[in-house]
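Below: the structure, in structure tokens.
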Amino acid sequence: MDHVALLARLALTDTEKDRLTTELGQILGHAEKIAELDTADVPPSAHATEVVNVLRSDEVGEELPLEAALANAPEREDDAFGVPKIV
Amino acid sequence: MELFDLTIKQASERLSTRQISSVELAESLLDRIEAVDDRIGAYLHVDREDVLARARQADERRLAGEDGPLLGVPIAVKDNICVKGVPTTCASKILEGFVPPYDATVTIALKKAGAVIIGKTNMDEFAMGSSTENSSRQKTANPWDTNRVPGGSSGGSAAAVSASMALGALGSDTGGSIRQPAAFCGVVGLKPTYGMVSRYGLVAFASSLDQIGPFTKDVADSALLLSAIAGHDRRDSTSVPREVPDFAASLEAGVEGLRFGVPEELMGAGVHHEIRGATEAIIDRLQSAGAVIEPASLPASVYGLSAYYIIAPAEASSNLARFDGVRYGYRASGPSDMIDSYMKTRAEGFGPEVKRRIMLGTYALSAGYYDAYYGQAQKVRTLIIQEFNSAFERFDALICPTTPTTAFKLGAKTDDPLEMYMSDVLTIPANLAGLPAISVPAGLTDGLPAGFQIMTKHFDEQTLFRVAAAVERASGFTQRPNLL
């Protein structure tokens with residue numbers, strides 16, 4: 001639980017961890033259910049659409065202007081997003 | 001009849017013939033919202049001056065010689081679809097105050113057609129839920145009984161159309177989030193074929209399942225609104241480069257000689273007997289109208305719910321990683337360093353259901369579990385797709401109820417996540433297989449709407465609308481909720 005919470009970057013309270021452990025256990029019963037099916041020769045499907053590998057040429061198109069990109073910033077420093085220290 | 005009671009088609013005709021102006025129509029809707037939305041709570045954001053300005057623009061365009069089925073028509077938009085310059089919050093604290101610097105492709109399409117975007121509607125946070133109770137902002141009530149839920153996650157859009165607070169609305173459907181609230185609120189709700197409508201500008205929940213679709217008062221309006229938003233988009237690489245057909249072409253064609261399958265597994269599944277009764281009544285009338293209706297079998301569909309509750313959270317855990325307090329939205333105060341900032345921001349910004357799904361998804365994708373959970377779910381998905389493909393060799397459409405029950409009471413299911421999930425059991429298979437599916441009101445049972453669901457093969461929305469129109473005629477249901 002702690003490991004998964006760190007991977008998910010979620011700070012959980014002890015109450016939340018307890019509740020989530022139970023709920024995750026219940027929901028993971030679903031995983032056991034799908035394990036019932038014989039899928040030995042079945043390829044996985046990531047989606048149901050007919051398109052694959054949609055590419056375009058590497059050309060600059062529409063750009064988001066700097067001011068627009070920074071407009072929602074919780075904290076701004078010059079032309080960048082201000083963040084707490086990383087190291 | 002008040003202007004807000006009109007369908008899109010009726011309003012469009014009156015606008016075309018200059019009987020009414022877009023401003024008058026917008027005012028009628030705005031006044032209606034002011035009169036009843038305090039009891040319903042469908043809208044998160046309505047800006048009267050902004051709406052009237054858009055309506056005036058529509059009138060000017062008409063004066064300049066333009067016309068079109070949506071010009072001047074008020075349409076509501078779910079709050080996970082970006083409208084430039086208008087707050088888009090996905091009903092989450094983590095996006096409080098976020099104002100998109102761009103329009104979603106569907107928004108551009110609506111604006112191009114001259115629709116008047118009347119407001120942003122309430123939803124379950126990040127589209128996760130089946131009742132709209134997971135909104136961080138407010139509850140939305142079902143217009144048929146304000147002690148009951150409107151369904152979810154597009155509950156606001158469904159309620160808005162049901163209570164005549166919009167002539168049409170856009171929602172999104174990942175596991176049933178358009179069709180289920182449409183059924184609960186007695187309106188038409190459509191999830192198009194995956195890839196039919198661009199997802200660019202739709203805040204992603206589960207990228208392989210999400211689709212934007214219309215809520216309308218009737219089937220003809222649904223075809224009309226879908227026509228405006230469907231089509232290939234270079235900015236959504238999952239959108240399919242196909243020509244958009246004339247969806248309304250076969251609306252009057254009837255069902256003579258068409259073959260429908262009723263999947264046994266979707267008629268069992270805890271469907272309450274009043275819903276079953278309403279469904280069977282429609283089936284009888286369709287048979288009288290010349291359809292050949294037989295039982296069908298989709299054994300893998302029973303596993304659809306389980307596969308979905310691995311796939312959707314897994315994709316969500318990846319999509320929601322972007323909400324980190326760096327570039328937009330909420331940021332927690334007083335973090336010790338960057339990681340702490342992420343952890344606190346997300347802990348404080350996300351609601352409990354969202355955290356639950358992120359945790360489940362992260363776990364399902366983590367090393368050592370990927371193959372058993374996500375990998376296996378993807379294989380089950382293949383089986384479901386194959387099964388549907390076989391079924392559509394025999395049948396023109398598959399039919400069943402949209403939900404196992406009518407709308408439940410507010411607060412009734414919030415303690416048990418599994419019960420909440422069951423209300424999606426009939427809708428999820430269409431998302432997994434990418435099939436087009438529509439819910440049409442079948443009638444009332446104990447004063448609450450029941451929905452009838454139709455599914456067709458990929459990109460066969462023309463048949464879908466044809467059958468839906470026949471169901472609409474068979475049910476004869478035209479009632480609106482009494483909101484006095």
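The values are calculated or read from the model by the stated rules, or taken from the named source; none is laboratory data. This is a predicted model, so every value here is computed, not measured. Ideal geometry is used to build each Cβ from the backbone, glycine not excepted, and the neighbour counts take in all protein chains shown. Note: areas computed on protein heavy atoms with side chains; ligands, DNA, RNA excluded. Shrake-Rupley method; radii C 1.70, N 1.55, O 1.52, S 1.80 Å.
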| message | If I filter region B:111-123 for residues that are open to solvent by 30 Å² or more (accessible area, probe 1.4 Å), in a helix (DSSP H, G or I) and free of Cβ contacts under 8 Å to residues at least 24 places away in the same chain, do I get at least one hit? | response | yes
| request: Output the residues belonging to region B:431-459 that are out of contact with any helix residue (DSSP H, G or I) (no Cβ under 8 Å at 6 or more places or on another chain) and within 14 Å of chain A (Cβ to nearest Cβ). | output: B:His458, B:Phe459
| Which one of these is modelled with pLDDT of 95 or more, open to solvent by less than 10 Å² (accessible area, probe 1.4 Å) and assigned to a loop (DSSP other than H, G, I, E, B): B:Val77, B:Val83? | B:Val83
| message | Condition first: more than 26 Å from B:Ser317 (Cβ to Cβ) and open to solvent by less than 10 Å² (accessible area, probe 1.4 Å). Now tell me which residues in region B:124-140 satisfy that. | response | B:Thr140
| said: On the basis of being assigned to a helix (DSSP H, G or I), under 23 Å from B:Asp124 (Cα atoms) and free of Cβ contacts under 8 Å to residues at least 12 places away in the same chain, does B:Glu49 make the cut? | reply: no
| remark: Among residues of region B:227-265 being polar (S, T, N, Q) and more than 14 Å from chain A (Cβ to nearest Cβ), the residue nearest to B:Leu71 (Cα to Cα) is B:Ser227
| query | Going through region A:1-54 one residue at a time, which ones are in contact (Cβ under 8 Å) with a residue 12 or more places away in the chain, of a type in the set (Ser, Thr, Tyr) and part of a loop (DSSP other than H, G, I, E, B)? | reply | none
| note | Every listed condition ((1) under 26 Å from the mean Cα position of the chain (by Cα); (2) surrounded by fewer than 20 Cβ atoms within 10 Å (Cβ to Cβ); (3) touching a residue at least 12 places away in the same chain (Cβ under 8 Å); (4) not in a strand (DSSP E or B)) holds for B:Ser239 save (2)
| query | Is there any pair linking a residue in region B:345-357 that is more than 8 Å from chain A (Cβ to nearest Cβ) to one that is open to solvent by less than 10 Å² (accessible area, probe 1.4 Å) and among the β-branched types (Val, Ile, Thr), with Cβ under 8 Å and at least six apart or on different chains, and which? | reply | B:Thr345/B:Ile94; B:Gly349/B:Ile94
| note | Residue count, region B:306-338, condition surrounded by fewer than 19 Cβ atoms within 10 Å (Cβ to Cβ), part of a helix (DSSP H, G or I) and at the interface with chain A (Cβ under 7 Å from one of its Cβ atoms), comes to 1
| The one condition in (1) touching a helix residue (DSSP H, G or I) at 6+ places or on another chain (Cβ under 6 Å); (2) farther than 23 Å from B:Ser153 by Cβ; (3) open to solvent by less than 10 Å² (accessible area, probe 1.4 Å) that B:Arg285 fails to fulfil | (3)
| query | Any residue in region B:390-398 that is in contact (Cβ under 8 Å) with a residue 24 or more places away in the chain, at the interface with another protein chain (Cβ under 8 Å from one of its Cβ atoms) and open to solvent by less than 10 Å² (accessible area, probe 1.4 Å)? | reply | no
| query | Which of the residues spanning region B:89-107 are surrounded by 24 or more Cβ atoms within 10 Å (Cβ to Cβ) and under 25 Å from B:Lys139 (Cβ atoms)? | reply | B:Thr89, B:Cys90, B:Ala91, B:Ser92, B:Ile94, B:Leu95
| task | Looking only at region B:280-305, count how many residues are at pLDDT 95 or above, in a helix (DSSP H, G or I) and touching a strand residue (DSSP E or B) at 6+ places or on another chain (Cβ under 8 Å). | result | 5
| message | So for region B:27-43 (the condition being in a loop (DSSP other than H, G, I, E, B), of a type in the set (A, V, I, L, M) and open to solvent by 20 Å² or more (accessible area, probe 1.4 Å)), does at least one residue qualify? | response | no
| field | Filtered residues of region B:141-161 (kept if crowded, with 24+ Cβ neighbours inside 10 Å and either more than 16 Å from the chain's Cα centre (by Cα) or outside any loop (DSSP other than H, G, I, E, B) (or both)) | value | B:Asn142, B:Pro143, B:Trp144, B:Gly155, B:Gly156, B:Ser157, B:Ala158, B:Ala159, B:Ala160, B:Val161
| field | Among (1) open to solvent by less than 50 Å² (accessible area, probe 1.4 Å); (2) in contact (Cβ under 8 Å) with a residue 12 or more places away in the chain - the single one A:Leu66 does not satisfy | value | (1)
| query | Which number in (1) over 19 Å from B:Thr478 (Cβ atoms); (2) among the polar types (S, T, N, Q); (3) surrounded by fewer than 24 Cβ atoms within 10 Å (Cβ to Cβ) marks the one condition that B:Ser164 misses? | reply | (1)
| said: Could you check region A:40-78 and list, in sequence order, the residues that are more than 7 Å from chain B (Cβ to nearest Cβ) and touching a helix residue (DSSP H, G or I) at 6+ places or on another chain (Cβ under 6 Å)? | reply: A:Arg76
| task | Determine, yes or no, whether B:Val255 is in contact with a helix residue (DSSP H, G or I) (Cβ under 7 Å, 6 or more places away or on another chain), assigned to a helix (DSSP H, G or I) and touching a residue at least 12 places away in the same chain (Cβ under 8 Å). | result | no
| note | Exactly one of B:Phe260, B:Phe350 is over 21 Å from A:Leu24 (Cα atoms) and open to solvent by less than 50 Å² (accessible area, probe 1.4 Å), and that residue is B:Phe260
| field | Unique residue being over 28 Å from B:Tyr200 (Cα atoms) and open to solvent by 10 Å² or more (accessible area, probe 1.4 Å) when the list is B:Asp59, B:Asp67, B:Asp47 | value | B:Asp59
| query | Say we look at region A:17-39 and pick out the residues that are touching a helix residue (DSSP H, G or I) at 6+ places or on another chain (Cβ under 9 Å) and more than 7 Å from chain B (Cβ to nearest Cβ); which of these is modelled with the lowest pLDDT? | reply | A:Leu28
| query | Going by the structure shown, is B:Ile311 within 26 Å of the chain's Cα centre (by Cα) and under 20 Å from B:Glu353 (Cα atoms)? | reply | yes
| Only one of B:Glu461, B:Glu353, B:Glu393 is modelled with pLDDT of 90 or more, among the acidic types (Asp, Glu) and under 18 Å from B:Met128 (Cα atoms); which? | B:Glu353
